[in-house]
1. Give SER409, SER459 a once-over and let me know the one that is surrounded by fewer than 16 Cβ atoms within 10 Å (Cβ to Cβ) and either hydroxyl-bearing (Ser, Thr, Tyr) or without any contact (Cβ under 8 Å) to a residue 24 or more places away in the chain (or both).
2. Which numbered condition in (1) part of a helix (DSSP H, G or I); (2) among the charged types (D, E, K, R); (3) in contact with a Leu (Cβ under 8 Å, 6 or more places away or on another chain) is the only one that LYS345 fails?
3. Just one of the numbered conditions (1) within 30 Å of VAL449 (Cβ to Cβ); (2) assigned to a helix (DSSP H, G or I); (3) of a type in the set (D, E, K, R) is not true of LYS25; which one?
4. With the requirement that a residue be more than 29 Å from ARG311 (Cβ to Cβ) and acidic (Asp, Glu), what does region 33-67 give you?
5. Within region 215-230, identify whether any single residue is assigned to a helix (DSSP H, G or I) and either among the charged types (D, E, K, R) or over 17 Å from SER118 (Cα atoms) (or both), and answer yes or no.
6. State which residue is farthest from VAL201 (Cα to Cα) when the search covers only region 427-474 and only residues that are among the aliphatic types (A, V, I, L, M) and outside any helix (DSSP H, G or I).
7. Just name the residue that is surrounded by the most Cβ atoms within 10 Å (Cβ to Cβ) out of those in region 250-264 that are farther than 17 Å from PHE339 by Cα and β-branched (Val, Ile, Thr).
Amino acid sequence: MMNDVKKYVKDLVVRSREAQEIAAKYNQKKVEELIAAIAYGCTQEEFRRKVSIMLIEEAGMGNVEDKMAKMLGKAKGIYHENKDVPSCDLVESNVITGMSKYIKPMGVIGALIPVTNSEVTQFGKAIMCLKGRNSIIFAPHPRGAKTTVFITDYLRNILKQFDAPEDLILTIDPEYVSIESSGELMRNVDFVLATGGTPMVRAAYSSGTPTIGVGTGNTTTFVDGTTDLGEVAEMIIKSKEFDGATSCSTENNIIVLESIHDNLIAEFEARGGYYLKEGSREALKLKKTLWPEWPENHKLNRHVVGQSAERIAELADLNVPKGTRLLIAEDNEGVGSNFPFSGEKLSPITAIFTVKDFDAALNKMDEILEYMGCGHSCGIHSNDAEKAHKMALRMKVTKMCINQPQSLSNSGAWWNGFPKSTTLGCATWGHNSVSHNVTWKDLVNYTYVSRPVENCEPSMEDLFPVSIIEKFNE
């Protein structure tokens with residue numbers, strides 16, 4: 001079987017490379033036409049609805065309307081990020097420095113597709129790859145493989161309509177989807193764009209092929225009461241319930257000042273939040289539902305991932321009001337593997353921690369992120385600019401949102417300046433090579449050309465501070 005997998009993947013890569021060699025000769029006008037066609041095609045309601053329904057049937061998580069909204073937002077946003085920016089051949093020439101910059105394709109890109117985002121990651125990565133005149137091969141999750149085939153066929157048909165090689169976009173077929181085929185793909189392509197679980201991302205980095213991966217999410221946000229608590233509660237609930245909290249950017253933990261704790265809980269409850277007191281029988285039942293084998297291990301129950309708060313409450317035998325949107329578990333006992341509420345939950349469940357002051361909040365956030373989510377993101381709901389500054393200085397994260405719904409903001413939104421993407425770099429803190437949201441600029445090669453200019457070498461006195469020179473002359 002392994003020999004069959006190797007041959008199958010090798011044949012895919014050969015087809016992809018032949019198509020890419022044609023695309024490598026495209027001019028900017030042709031590239032812009034293709035990415036506009038792909039993006040516009042993915043905004044179409046019928047396509048978005050079919051994909052959303054198909055993925056829910058296949059993966060069993062999320063909901064149709066949110067997936068459709070996500071697809072529309074990403075198709076428009078990523079295209080907007082890519083549109084009309086030079087990406088072919090000579091793109092810059094500076095007569096003062098004598099430097100010119102040329103952009104060239106990487107070649108064949110292998111893309112790992114996570115099941116939690118298997119309605120948008122494919123076309124988002126395809127747009128970015130085509131922007132750089134690359135080809136792309138998807139390695140889907142087993143529970144998203146059929147949906148990925150449907151999306152791939154749709155995108156290939158668009159390429160055909162615009163006289164481009166269909167094999168610029170390929171996927172591993174469902175019968176070949178496996179750890180072995182993904183590994184073989186990663187070893188044979190020119191570059192790997194790895195969005196998925198930590199084991200697969202680490203496997204990508206170990207493949208020997210240049211790779212950009214992502215880190216584990218466990219977004220933690222702080223609330224100090226200087227902003228409207230009702231608005232804060234609504235933002236967090238919207239973020240947490242969106243598509244069943246399948247995003248790695250949802251607020252898994254809330255840190256709140258003791259002085260406003262009860263007021264914040266009341267605002268949550270007024271909007272469909274259900275509060276579970278620390279140490280209560282309800283909290284224990286929820287914990288055992290999320291992590292059935294706890295305390296032996298804290299492997300998350302996959303049957304809760306992407307489900308609604310009401311569905312999870314039903315699984316946990318909790319009697320919650322109809323219309324419950326978010327489950328909020330108080331857990332001040334500790335942080336770490338012995339206290340699983342402090343980790344990522346991939347569901348509309350958040351842990352809440354109570355602290356006396358801002359310094360204690362920073363300490364708690366540090367502790368949580370060191371356990372899980374280091375490098376990913378954090379947030380703050382406050383009108384105190386100094387607090388935001390102190391948090392930004394201290395936290396080992398690449399993204400920090402101020403007064404925003406985190407999962408709707410981290411990957412780029414119309415109301416902020418984050419690049420719109422489906423792959424969020426988490427820096428070396430998250431075992432990644434980049435700190436930013438990945439864009440097409442990370443998927444191309446650059447050639448820099450220098451020409452001689454007038455000599456600009458400074459004297460020693462002009463270059464070095466006087467204090468340094470005098471110190472060495474003592």
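The values are calculated or read from the model by the stated rules, or taken from the named source; none is laboratory data. All values derive from a computational prediction rather than experimental measurement. Neighbour counts run over all protein chains shown; Cβ positions are idealised from the backbone, glycine included.
1. SER459
2. (1)
3. Every condition holds for LYS25 apart from (2).
4. Correct list: GLU33 only.
5. yes
6. We begin by selecting, within region 427-474, every residue among the aliphatic types (A, V, I, L, M); these are 427, 434, 438, 443-444, 449, 453, 460, 463, 466, 468-469.
Adding the requirement that they be outside any helix (DSSP H, G or I) leaves 427, 434, 438, 444, 449, 453.
Working: ALA427: 14, VAL434: 14, VAL438: 15, VAL444: 20, VAL449: 34, VAL453: 44 Å.
So, considering only residues that are among the aliphatic types (A, V, I, L, M) and outside any helix (DSSP H, G or I), the one farthest from VAL201 (Cα to Cα) is VAL453.
7. Per the criteria, the residue is THR250.
Per-residue answers, yes or no, for (1) of a type in the set (Gly, Ala, Ser); (2) not in a loop (DSSP other than H, G, I, E, B):
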| position | (1), (2) |
| --- | --- |
| ILE96 | no, no |
| TYR102 | no, yes |
| ALA111 | yes, yes |
| GLN122 | no, yes |
| LEU130 | no, yes |
